1. So what does log10 I(q)/I(0) come out to for the stretch 179-226 at q = 0.20, 0.21, 0.30, 0.33 Å⁻¹, using the Debye formula with one equal point on every Cα and no solvent?
2. Can you compute the helix-only [θ] at 222 nm over the chain? Use -39500 (n - 2.57) per DSSP H run of at least 4 residues, normalise by all residues, nearest 500 deg cm²/dmol.
3. Can you pull the Rg over Rh of the stretch 43-181, Cα-only, Kirkwood?
4. Quick check on the chain: what are the equivalent-ellipsoid semi-axes from the Cα gyration tensor, as sqrt(5λ), descending, whole Å?
5. Determine Rg/Rh for the stretch 127-243; Rg is computed over alpha-carbon atoms and Rh is the Kirkwood hydrodynamic estimate from the same atoms.
6. Taking the Cα centre of the chain as origin and charging only Cβ (+1 Lys, Arg; -1 Asp, Glu), how large is the dipole, in debye to the nearest 20?
7. Relative to the longest principal axis of the C-alpha atoms of the chain, give the angle of the C-alpha long axis of helix 7-16, reported between 0 and 90° and rounded to the nearest 10°.
8. Summarise the long-distance tail of P(r) for the stretch 2-75 by giving the % of C-alpha pairs beyond 13 Å.
Amino acid sequence: MALLEGHVSVEAALRGRSRPLHRILVSRDGIRADRALARIEAMAADHGVAVERVARAEIDALASGRSHGGLVAEVGERSLIPIESLVAEDAFVVMLDGVEDPYNLGSALRSLYAAGASGLVIRERGWDSATTVIARASAGASELLPVAAVADPSDAFAALGAAGLRTVVAAERSDAVSLFEAPLSPPLFVLIGGERRGMSRAVLDQAEVVVRIPYARPRAVSLGTAAAAAVIGFEVERQRLNR
């Protein structure tokens with residue numbers, strides 16, 4: 001069992017129907033009865049999820065910190081879908097591989113969701129140990145994006161490439177094309193690697209296009225994964241709008 005903390009994460013899980021919600025705990029003291037809470041209570045009733053009023057101390061004991069706002073949800077494992085279900089005419093599917101910091105992963109997902117990403121691919125046994133942090137850092141995006149799991153990025157390239165999605169890897173390589181010159185209109189699958197783990201030659205060679213983010217300064221330090229995901233995501237959206 002995992003815990004989602006705060007109005008945003010809990011409401012996203014209810015909206016996304018991305019995992020079973022066992023119960024929602026609301027502090028009976030020190031929480032404002034606002035529209036967000038009313039919305040959550042109404043959605044929980046529709047989904048048959050129990051909402052229990054408990055002492056604030058009980059919530060504090062369950063939560064990882066004190067920024068939960070008096071509301072948490074006990075939840076089950078994240079639902080996964082077959083990777084083929086991510087295929088669509090306007091698909092923009094992303095795989096974030098080798099991102100070790102759950103805050104960075106959550107931040108990247110927040111940007112990608114805002115930029116219009118339609119689905120996410122993760123490695124099997126990818127993230128359930130950090131559900132709370134990822135949901136909060138992503139502002140609930142991790143609960144809203146459809147997710148498929150693969151054993152290796154090569155499996156995602158094979159499945160999505162065969163289904164007609166253009167396959168792209170973001171990497172610093174001598175033959176990489178500038179992000180702003182590469183054709184990135186959906187349907188598209190983009191692999192973005194973590195900051196520490198490099199990508200294998202085999203993975204890079206599977207991509208139709210290898211792109212790099214051009215920097216204004218020649219000796220600029222490479223962007224972290226979260227920032228790179230934001231830049232790439234909104235360039236895809238820009239090209240989608242202008243095509």
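Read-outs: derived from the displayed coordinates by stated rules, not from any lab. Since this is a predicted model, take the numbers as computed values, not measurements. Methodologically, a virtual Cβ is constructed for each residue, glycine included, from the backbone with ideal geometry; neighbour enumeration extends over all protein chains shown.
1. Treating every Cα as an identical point scatterer, log10 I(q)/I(0) equals -0.89, -0.97, -1.30, -1.30.
2. -10500 deg cm²/dmol
3. Values: Rg = 17.8 Å, Rh = 17.2 Å.
Across the stretch 43-181, the Cα-based Rg/Rh ratio is 1.04.
4. Values: eigenvalues 259, 66, 50 Å².
Those come to 36, 18, 16 Å.
5. Ratio of gyration radius to Kirkwood radius: 0.96.
6. 560
7. Helix 7-16 sits at roughly 70 degrees to that axis.
8. Across the stretch 2-75, Cα pairs with separations above 13 Å total 60 percent.
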